[in-house]
Amino acid sequence: MDMSKKKTVMFVLMSFLSAAWAVSYCSANDMDETELFQDIPSVIGASKHEQKTVDAPSSISIITAEEIDKFGYRNLADILRSVRGFYVTYDRRYHYLGVRGFGRSGDRNSRILLLVDGHRLNDNIFDAANIGNDFPFDVELIERVEVIRGPSSAVYGTGAFLAVVNVILKRGRHLNGKEISTDVTDDNAFRFRGAVGEKKDDGLEYLLSATSYDSDGENLFFPEYAAETRDADYEDYKNIVARVSKRSYTLFAAQSTRTKGVPGAPGNAIFGDPRAQTEDEHTVVSVGFERPVADNGDLFVRFSFNRHDRKTLSVFNDPPFGTRFNNTTSEGEWITGEVRMSRRTGTRRRFTIGTDFRENRAQNQEAWNDPPYELLLTDLSDESLWGLYFLEELEIKPKLTLNFGIRYDSYYTSDSAITPRLALIREIDKRTSMRFVYGEAFRAPSAFERYYHDGPTTQKANPNLEAEEIQTYELIFDKFIDKTKRISASLYRFDAKDLISQRLDLDGFLVFDNIDKANATGFEIEYSAKLHCGIDSQLSYAIQRAEDDTTGARLANSPRHLGSLLLSSAFAKHFRAGLEIIGVSSRQTTTGARVGGHGLTNITISRKAASKGLDLSLSVYNLFDRQYEHPVSADFARTAMGQDGRTIRLKATVRF
C-alpha cells in the first residue's frame with residue numbers, strides 16, 4: 001500500500017472513530033427535544049417548488065447559515081468543498097468545482113449551474129460560475145445553500161450538467177436591525193461589511209449590504225523558476241446588494257468587482273510580474289412576482305438584467321519589441337425572463353409548466369497586444385436561448401410517486417435539445433425513502449469556445465461546435481432516525497459524450513472540438529447526528545472512478561476518495577467550537593504526473609450574543625500547516641499550484 005493510500009485509510013478510520021466517540025459520549029443522557037431536528041429539510045431548486053429532500057428527484061445536500069457561521073466558511077468555495085462528492089481546485093486566479101470525479105481545471109465551472117434564489121448567475125460568454133471571492137454575494141447574506149446532484153437540464157436547460165447549486169439569500173427579517181462586521185487575517189487580509197434589514201408591519205421587507213475586502217496574498221515559491229513571487233498574489237473585491245419585497249413582488253440587485261493578481265505566469269507571461277491580473281465585474285437586477293391563483297395554483301414571473309465584464313492583463317517579452325502587454329476583454333450583457341405556473345390537483349398530482357429565455361444583448365470578446373498595438377481578436381455575438389418545460393409529480397399508488405420532467409431548448413439560431421428526467425420515489429415510511437433517478441442533460445458550447453482565437457497566431461475559432469451530453473443513473477437512500485440522525489447513500493453512474501476539449505488541428509492551430517467521452521461510477525455515504533449534549537456531527541465518504549472512454553485512463557484532477565468530518569459543540573454559555581476535516585486522495589495532472597492527497601483541518605471558536613450585541617470568532621485554517629498542491633490547467637508552466645498554509649482569522653460582528 002503506497003503512502004497516499006495509507007493516509008486515506010487513516011483519515012477514514014480516524015473520522016469514523018471520532019464520530020463514534022461523539023455518539024457514544026452523548027448516548028447515556030436524556031434527549032432534549034428542543035435541540036433535535038425539527039423536521040426533514042426542504043429544497044426548492046430540485047423542482048422549482050418547495051418539497052422535502054426525501055421527495056426530491058435528486059440527491060440533495062443543504063448547508064445552512066448556522067453551519068456557515070460555526071465552521072467559519074469564507075466564501076462559496078469553502079462551503080462546497082465540505083459537501084460529499086465535491087472538491088475544489090484553486091489556481092490562484094479562480095476556484096473550480098469538481099463533482100463526482102469530474103473536475104476539469106480551468107473550465108470556469110461551466111458544467112455547474114449556479115443560481116441565486118433560482119436566478120441563473122452563470123455568465124453568457126464563458127458560462128462561468130464564480131464560487132470564490134468573485135461570487136457577488138457575501139456568505140453572511142446566505143440563508144442556505146441547496147446542492148442538487150446530477151443532471152437537471154429537464155428543469156433548467158443548458159449548463160445543469162453535473163449539479164445545480166442554488167443559493168438562498170437572507171431576507172430583511174433575518175437581520176431585523178443593523179450589523180457591522182470586520183475580520184482580519186495574519187496574511188494581511190482585511191474585510192469590512194455593513195448591513196441593515198427589517199420587515200415592517202405593512203409587509204415591506206428590505207435588506208441592504210456592502211462589503212470591501214483587500215488582501216496582499218501569499219509569497220509563492222516556484223521550483224521551475226527557482227524563485228519566489230512577491231506582491232503578485234493580491235486580491236481585492238467590493239460588492240453591494242439590495243433586496244426589497246412587498247407582498248407578491250420582489251426586487252434584488254447586486255454589483256460586484258474583484259481584482260486578482262496572477263502569480264503563476266500562464267502562457268508565456270513573465271514570471272512574478274505584479275502587473276498581471278484579472279478583473280471581474282458582475283451586475284444583476286431582478287424583478288419577480290409570485291402569487292397563488294385559483295384552484296390550488298401558483299403563478300411566478302421574473303425578468304432580469306445582467307452584465308458581466310472580464311479583463312485579463314499579462315506581461316510578456318517579445319523581441320525585438322521588449323516588454324509587451326497582452327489584453328483580453330469580454331463584455332457580456334443579457335436579459336432573462338421566466339413565466340411558470342404550478343398547480344396541485346387533489347392530493348396525488350402536481351404539475352408545473354413554464355417557459356424561459358435569455359436574450360443576449362452582447363457577447364463581445366477582444367484581444368490585443370501593445371506596444372505597439374496589435375489587434376488579435378474582435379468578436380461581436382448576440383445569440384439567444386429559450387426553453388419550454390413540463391414537470392409532473394404523480395402518486396401512482398400509496399407511498400409510490402412518479403416524478404417526470406421534460407424540456408425543449410432552442411439555442412444558437414437553429415440548434416435544439418430535448419432532455420428528460422425520470423424518478424421513482426418509494427416511501428418506505430415517513431422518514432425513509434428509496435429513489436431511482438434517470439436523467440439527461442446538455443451543455444451548449446460557450447461563446448468563448450465557439451469564437452475565441454488569437455489572430456489566429458496559435459488558436460482558431462470553431463463556430464460549428466455541438467453540445468455536450470450526459471446520461472446519469474442513480475439509486476438514492478435516505479433515512480432519518482429518531483429525528484436526531486440521518487443516513488444518506490447514493491450509487492450512481494454517468495456517461496458523457498461530445499465533451500469539448502482543445503486539440504491541435506492539421507494546420508498546426510489549437511481548436512476547441514467535441515472529441516472526448518467519459519464515464520464515472522461511484523458510491524457516496526453520509527451520516528449526520530444532532531445530539532442532545534450539544535454536539536453536532538456529520539461524516540461523509542465518497543469513492544468514485546472517472547475515466548476516459550477511449551483510453552480507459554483515469555481523468556485528470558479526479559480523486560478516487562473524498563471524505564469529510566464536521567463536528568461542532570457548545571462548550572460554555574454563548575460559545576461554540578466547530579471542527580472541519582477534509583480529505584482528498586491523490587490526483588493526476590494534465591501531463592499524467594501525480595499530485596499527492598492531502599488532509600486539511602480547520603477549526604473555528606465563536607461567541608454569539610443572545611440577540612443584539614457583539615459576536616466574535618477565531619478561525620484557524622489548515623491548522624497543521626500542511627504543504628499541498630492542486631492540479632492546474634495546461635495554461636501554466638507548472639502542472640500543480642501550491643495552496644495556502646496555516647491562516648488565522650479574527651472576526652467581529654456587532655448587531656444592533
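The values are calculated or read from the model by the stated rules, or taken from the named source; none is laboratory data. Computed from a predicted structure; not experimentally measured. Don't worry about glycine lacking a Cβ; one is built from the backbone with ideal geometry, like all the others, and counts go over all protein chains shown. Accessible surface is based on the protein model in full, side chains and every heavy atom, while ligands, DNA and RNA are left aside. Shrake-Rupley method; radii C 1.70, N 1.55, O 1.52, S 1.80 Å.
Worth pointing out:
- Matching residues, the range 109-155, being open to solvent by 10 Å² or more (accessible area, probe 1.4 Å), among the acidic types (Asp, Glu) and under 29 Å from PHE436 (Cα atoms): ASP117
- Failed condition for TRP334, given (1) within 20 Å of GLU281 (Cβ to Cβ); (2) among the aromatic types (Phe, Trp, Tyr); (3) surrounded by fewer than 17 Cβ atoms within 10 Å (Cβ to Cβ): (3)
- Any hit, the range 426-434, residues being under 30 Å from THR336 (Cβ atoms) and buried (at least 17 other Cβ atoms within 10 Å of the Cβ): no
- A count restricted to the range 482-526 and to residues that are over 30 Å from SER82 (Cβ atoms), β-branched (Val, Ile, Thr) and either touching a Ser or Thr at 6+ places or on another chain (Cβ under 7 Å) or outside any strand (DSSP E or B) (or both) stands at 1.
- Of the residues making up the range 260-271, none is surrounded by fewer than 20 Cβ atoms within 10 Å (Cβ to Cβ), of a type outside the set (Gly, Ala, Ser), modelled with pLDDT of 95 or more and out of contact with any Gly (no Cβ under 8 Å at 6 or more places or on another chain).
- Per-region count, the range 463-481, residues outside any strand (DSSP E or B) and under 24 Å from PHE102 (Cα atoms): 3
- Filter pass, GLY322 being farther than 21 Å from VAL116 by Cβ and not aromatic (Phe, Trp, Tyr): yes
- Subset of the range 634-656 (residues that are in contact (Cβ under 8 Å) with a residue 60 or more places away in the chain and under 22 Å from the mean Cα position of the chain (by Cα)): MET641, GLY642, GLN643, ASP644
- Scanning the range 54-71 for residues that are among the hydroxyl-bearing types (Ser, Thr, Tyr) and part of a strand (DSSP E or B) gives SER61, THR64.
- Index of the failed condition, LEU499 passing every other in (1) closer than 24 Å to PRO57 by Cα; (2) free of Cβ contacts under 8 Å to residues at least 40 places away in the same chain; (3) open to solvent by less than 30 Å² (accessible area, probe 1.4 Å): (1)
- Within the range 502-542, the set of residues being within 18 Å of LEU162 (Cα to Cα) and either aromatic (Phe, Trp, Tyr) or surrounded by 18 or more Cβ atoms within 10 Å (Cβ to Cβ) (or both) comprises ASN514, ASP516, ALA518, ASN519, ALA520, GLY522, PHE523, GLU524, ALA542.
- Screening the candidates PHE316, PHE289, PHE325, PHE271 for the property of being out of contact with any Asp or Glu (no Cβ under 8 Å at 6 or more places or on another chain), under 30 Å from ALA640 (Cβ atoms), in contact (Cβ under 8 Å) with a residue 24 or more places away in the chain and part of a strand (DSSP E or B) yields one hit, PHE316.
- Scanning the range 614-633 for residues that are surrounded by 15 or more Cβ atoms within 10 Å (Cβ to Cβ) and either touching a residue at least 40 places away in the same chain (Cβ under 8 Å) or assigned to a loop (DSSP other than H, G, I, E, B) (or both) yields ASP615, SER617, SER619, TYR621, ASN622, LEU623, TYR628, HIS630, PRO631, VAL632, SER633.
- Conditions (1) part of a strand (DSSP E or B); (2) open to solvent by less than 50 Å² (accessible area, probe 1.4 Å): number failed by ARG638: (1)
- Residue list for the range 148-196, restricted to those being at positive phi and over 15 Å from the mean Cα position of the chain (by Cα): GLY157, ASN176, GLY177, ASN188
- Lone unmet requirement of (1) within 23 Å of TYR412 (Cα to Cα); (2) of a type in the set (A, V, I, L, M); (3) touching a residue at least 40 places away in the same chain (Cβ under 8 Å) for ALA542: (1)
- Within the range 66-82, residues that are closer than 20 Å to LEU175 by Cα have Cβ atoms under 7 Å from residues that are part of a loop (DSSP other than H, G, I, E, B) in these pairs: ASN75/GLY132; ASN75/ASN133; ASN75/PHE135, counting only partners at least 6 apart in sequence or on another chain.
- Test: residue in the range 447-463 that is of a type in the set (S, T, N, Q), touching a helix residue (DSSP H, G or I) at 6+ places or on another chain (Cβ under 7 Å), closer than 23 Å to PHE404 by Cα and crowded, with 18+ Cβ neighbours inside 10 Å: no
- Residue ID - modelled with the lowest pLDDT, chosen from residues in the range 510-554 that are of a type in the set (A, V, I, L, M) and closer than 27 Å to ALA444 by Cβ: LEU510
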